[in-house]
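**Q** A single structure is presented below for examination.
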Amino acid sequence: MSSQEVSLPPSAQAAVRRLAQDDAVGQLRRRDGQMARLGSEGDALKLDWVEAISWLLAHPDALVKVEAEARDLLASGVRHVIWAGMGGSVLTVRVLQALGFCDGPLTIHPLDSTDPEALNAIVRALADAKGLALPDSALESHPKTLRRLLDDVALVAVALGMTSAEPITHLHWLRDALTMVGLSTSERLRAMSLPDSYLDRDAAQHAIPRLPLQLDGGSGTGGRMSAPGTQVFLLPVALWLTAHDAPAGTLEGVLRDAWASYDLDGAQRDPGSHRYVRLAAALAAASQRGALRLTISAPGAWEIVRDWAEQLFEESLGKGGKGIVVFAPEGREPESAADSGDFWLRITDGGESSMSQRMFMLPEPLITSPEPERQLAGLASLFLGLQLSMALYAYLHDITFAGQPAVEDYKSRAAALMALDDDPVGPLTDANAVGVGRITALAPDELVARADERIPRAVTLAALRDVPQMRPLPYLDVTINGEAATDAIERLREGLRVLAVERLGVPFKLRRAPAAYHSSEQSEMDGPPALVSLRALALKRRATISGGESLLGEYSSRFLRAQSVATWQAMNSVGRTCLLLLYDGYPDEMMAELSEFIADLASDLP
């Protein structure tokens, strides 16, 4: 037993011993035994991510090609890249953006929404960057302005799921605009996807250049494991390095430093001394029959890693009532998490890994290096280590961590709604709809029947009063369908802190959809069941200068509406308490009224 293992509580020590005796890390690397079963989706092994970095370091020519692609894009005049997709396809870029690795002289704009306002925000950002005033009529009627807006813009559409349709809509949106002003689509558009996926077929049909996700030619990497071993991480990093005049071969150096810091060989040789094995053991030991509420904090801008970890843990482990549900601190402290099943992870910039009663201190010393390349290596090491911890937690609790069947459920429902001629919200029955003023709440029949009055406030209160008694490990989820202003989100967050933390005594999530449906919906539908989910959708969009919902081209909120309804239907079909609040007004009005609604609910609770 290593000296570090002794610092763990007895239950975590036992977990480490089991992982060592079973050679769980070896199974993962060899792709055999129980790990092969848990890491398979159907008959397909999804473990290519485990040794992806070692393969790349053994084949540096593959990284040379990534750097060449980055140089070619820059040489063609591209200075803005729209990175379009959902879930893990875009979340890595959002992390890089928050850490300052997506800005000038080449800017990467993440796009993971079907709300036209998300596309409009990018159009406005492009105009601002070029000092262009948007015309007071449709952009399409101003070809010179539109060409200047788009003359240095490219789009990379990414899908790591076979059925992801959202990036196709983004690809078509920019393709049509480029074609309108005579800019080359073959030079400015790229598609990265699994072979024969929806996106792959569409790109082939429209002669869009395709880039491999995995440089080894494989397809065994899920979206949440796509960083750092696929082009989801490698290409945006190469673009940033190239734009900042980094010498050739720097990308390989980043991965080499990351692989050394991660030290998978050490994890296999001496599991008890490896910080990510110890983390997995600590999490597994703190859980209640495989379910855990995990609060994650990190220094400064590195808090963004929590969003990435949320998808990794919740999409992978949220199966059969088990899983790890991830939260931000939101004013809570570890001392308040005294119950079994609550745990805190603090990512630090140095020292040894350590564990107190309900907290694990995880060091990643590279993240505060003054050298940006070393920071990137630290980020890659964090990604690799948390993936290892996830797989080992799954091993200890027998959770199939590949696949996300619940997500496929709501995707099929959304596709069925999109196939209808009617508006997706239109076919909803009035049987479980209660409304007052501009808010209509769609709720399960039994919840409506238990409410004191047939109004949204009473029905929502009936659901909330159940939360503290739910087992195991209850929490509140509030999901905003579509875009919302940052200040409005923060006002809502403060109201939720009072409602959830102070009144109900539970943590909460504040999610942004549809991105959240690719990040944590698997867990909400099939993971730890003790939650109430309130979801909100504004039914109106303000007309733009073009007269439609989009500043550029035709892009409506119909897909967003279908996703909102489909996820509500899917949640209730598996017995999860989910309410959809439909607001007969515009998003900014909805956010203001929703904050008041939440405050009123809090005032009605002791």
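The values are calculated or read from the model by the stated rules, or taken from the named source; none is laboratory data. Here the structure is a predicted model, which is why all the values come from computation and not from measurement. Note that we place each Cβ from the backbone using ideal geometry, even for glycine, and neighbour counts take in every protein chain shown. Note: areas computed on protein heavy atoms with side chains; ligands, DNA, RNA excluded. Shrake-Rupley method; radii C 1.70, N 1.55, O 1.52, S 1.80 Å.
**Q** Looking at the range 120-133 only, could you name the residues that are open to solvent by less than 60 Å² (accessible area, probe 1.4 Å) and not basic (Lys, Arg)?
**A** Passing the criteria: 120, 121, 122, 123, 125, 126, 127, 132.
**Q** Taking only the range 134-159 into account, find how many residues are over 25 Å from residue 70 (Cβ atoms) and open to solvent by less than 30 Å² (accessible area, probe 1.4 Å).
**A** Total meeting the criteria: 4.
**Q** Still on this model: What pairs come up if the first residue lies in the range 401-415 and is closer than 16 Å to residue 573 by Cβ, the second is at pLDDT below 90 and surrounded by fewer than 20 Cβ atoms within 10 Å (Cβ to Cβ), and their beta carbons are under 7 Å apart, counting only those six or more places apart or on different chains?
**A** Within 7 Å, the pairs are 408/163; 411/163.
**Q** Scan the range 260-280 for residues that are closer than 13 Å to residue 13 by Cβ and of a type in the set (D, E, K, R) and jot them down.
**A** 278
Results for (1) open to solvent by 10 Å² or more (accessible area, probe 1.4 Å); (2) in a loop (DSSP other than H, G, I, E, B), shown as yes or no for each residue.
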| site | (1), (2) |
| --- | --- |
| 502 | yes, no |
| 506 | no, yes |
| 523 | no, no |
| 545 | yes, yes |
| 554 | yes, yes |
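**Q** Filter the range 200-234 down to the residues that are of a type in the set (A, V, I, L, M, F, W, C) and open to solvent by 20 Å² or more (accessible area, probe 1.4 Å) and list them by number.
**A** The answer is 204, 207, 211, 215.
**Q** Sticking with this one: The conditions are (1) in contact with a helix residue (DSSP H, G or I) (Cβ under 6 Å, 6 or more places away or on another chain); (2) open to solvent by 50 Å² or more (accessible area, probe 1.4 Å), and residue 537 fails exactly one of them. Which is it?
**A** For residue 537, the exception is condition (2).
**Q** Let me ask something else about it. Search the range 29-48 for residues that are open to solvent by less than 70 Å² (accessible area, probe 1.4 Å) and pair each with any residue that is aromatic (Phe, Trp, Tyr) when their beta-carbon atoms are under 7 Å apart and the residues are at least 6 apart or on different chains.
**A** Close Cβ pairs (under 7 Å, with a partner that is aromatic (Phe, Trp, Tyr)) amount to 34/395; 35/395; 38/395; 38/401; 39/401.
**Q** Exactly one condition in (1) in contact with a Ser or Thr (Cβ under 6 Å, 6 or more places away or on another chain); (2) closer than 30 Å to residue 174 by Cα; (3) open to solvent by less than 10 Å² (accessible area, probe 1.4 Å) is not met by residue 532; state its number.
**A** The one condition residue 532 does not meet is (2).
**Q** Give, as residue ranges, the strands (runs of 3 or more DSSP E) completely inside the range 416-481 that count at least 1 residues that are without any contact (Cβ under 8 Å) to a residue 24 or more places away in the chain and either buried (at least 18 other Cβ atoms within 10 Å of the Cβ) or of a type in the set (Val, Ile, Thr) (or both).
**A** 433-436
**Q** In addition: Being assigned to a helix (DSSP H, G or I), at pLDDT 95 or above and basic (Lys, Arg) narrows it down to one of 491, 511, so name that one. Outline the logic, then answer.
**A** Numbers: 511 fails: assigned to a helix (DSSP H, G or I).
Testing whether each residue is assigned to a helix (DSSP H, G or I), at pLDDT 95 or above and basic (Lys, Arg) leaves just 491.
**Q** Is there a residue in the range 180-188 that is open to solvent by less than 10 Å² (accessible area, probe 1.4 Å) and touching a residue at least 12 places away in the same chain (Cβ under 8 Å)?
**A** no
**Q** Also, quick follow-up: Quickly run through the range 59-80 and pick out the residues that are assigned to a helix (DSSP H, G or I), open to solvent by 80 Å² or more (accessible area, probe 1.4 Å) and not aliphatic (A, V, I, L, M).
**A** First pass over the range 59-80, keeping only residues assigned to a helix (DSSP H, G or I): 60-75.
Going one step further and asking which of them are open to solvent by 80 Å² or more (accessible area, probe 1.4 Å), we end up with 61, 65, 71-72, 75.
Listed by number, the residues that qualify are 61, 65, 71, 72.
**Q** Criterion first (open to solvent by less than 10 Å² (accessible area, probe 1.4 Å), within 23 Å of the chain's Cα centre (by Cα), more than 22 Å from residue 20 (Cβ to Cβ) and touching a residue at least 40 places away in the same chain (Cβ under 8 Å)) does residue 283 satisfy it?
**A** Details: open to solvent by less than 10 Å² (accessible area, probe 1.4 Å): yes; within 23 Å of the chain's Cα centre (by Cα): yes; more than 22 Å from residue 20 (Cβ to Cβ): no; touching a residue at least 40 places away in the same chain (Cβ under 8 Å): yes.
So residue 283 fails the test.
**Q** Select from the range 160-179 the residues that are touching a Phe, Trp or Tyr at 6+ places or on another chain (Cβ under 7 Å), crowded, with 19+ Cβ neighbours inside 10 Å and modelled with pLDDT of 95 or more and list them in ascending order.
**A** If the condition is that a residue be touching a Phe, Trp or Tyr at 6+ places or on another chain (Cβ under 7 Å), crowded, with 19+ Cβ neighbours inside 10 Å and modelled with pLDDT of 95 or more, then 168, 173 are the ones that fit.
**Q** Another one. Quick one: in the range 86-101, which of the residues that are at pLDDT below 95 and in contact with a Pro (Cβ under 8 Å, 6 or more places away or on another chain) is surrounded by the most Cβ atoms within 10 Å (Cβ to Cβ)?
**A** Top of the filtered list is 89.
**Q** Would you tally the residues in the range 556-575 being surrounded by fewer than 21 Cβ atoms within 10 Å (Cβ to Cβ), in contact with a helix residue (DSSP H, G or I) (Cβ under 8 Å, 6 or more places away or on another chain) and assigned to a loop (DSSP other than H, G, I, E, B)?
**A** Within the range 556-575, residues that are surrounded by fewer than 21 Cβ atoms within 10 Å (Cβ to Cβ), in contact with a helix residue (DSSP H, G or I) (Cβ under 8 Å, 6 or more places away or on another chain) and assigned to a loop (DSSP other than H, G, I, E, B) number 2.
**Q** Follow-up question, since we're still on this one. Within the range 356-391, track down each residue that is part of a loop (DSSP other than H, G, I, E, B) and either under 15 Å from residue 262 (Cβ atoms) or open to solvent by less than 10 Å² (accessible area, probe 1.4 Å) (or both).
**A** 364
**Q** Sticking with this structure for a sec: Answer yes or no as to whether residue 52 is within 14 Å of residue 232 (Cα to Cα), in contact with a Gly (Cβ under 8 Å, 6 or more places away or on another chain) and open to solvent by less than 30 Å² (accessible area, probe 1.4 Å).
**A** For residue 52, the condition - within 14 Å of residue 232 (Cα to Cα), in contact with a Gly (Cβ under 8 Å, 6 or more places away or on another chain) and open to solvent by less than 30 Å² (accessible area, probe 1.4 Å) - is met.
**Q** Condition first: open to solvent by 30 Å² or more (accessible area, probe 1.4 Å), over 18 Å from residue 501 (Cβ atoms), of a type in the set (D, E, K, R) and touching a residue at least 60 places away in the same chain (Cβ under 8 Å). Can you find one or more residues in the range 320-340 that meet it?
**A** yes
**Q** Next question. Which residue out of 160, 174 is of a type outside the set (Ser, Thr, Tyr) and over 27 Å from residue 41 (Cα atoms)? Spell out the reasoning first.
**A** Values: 160 fails: over 27 Å from residue 41 (Cα atoms).
The conditions single out 174.
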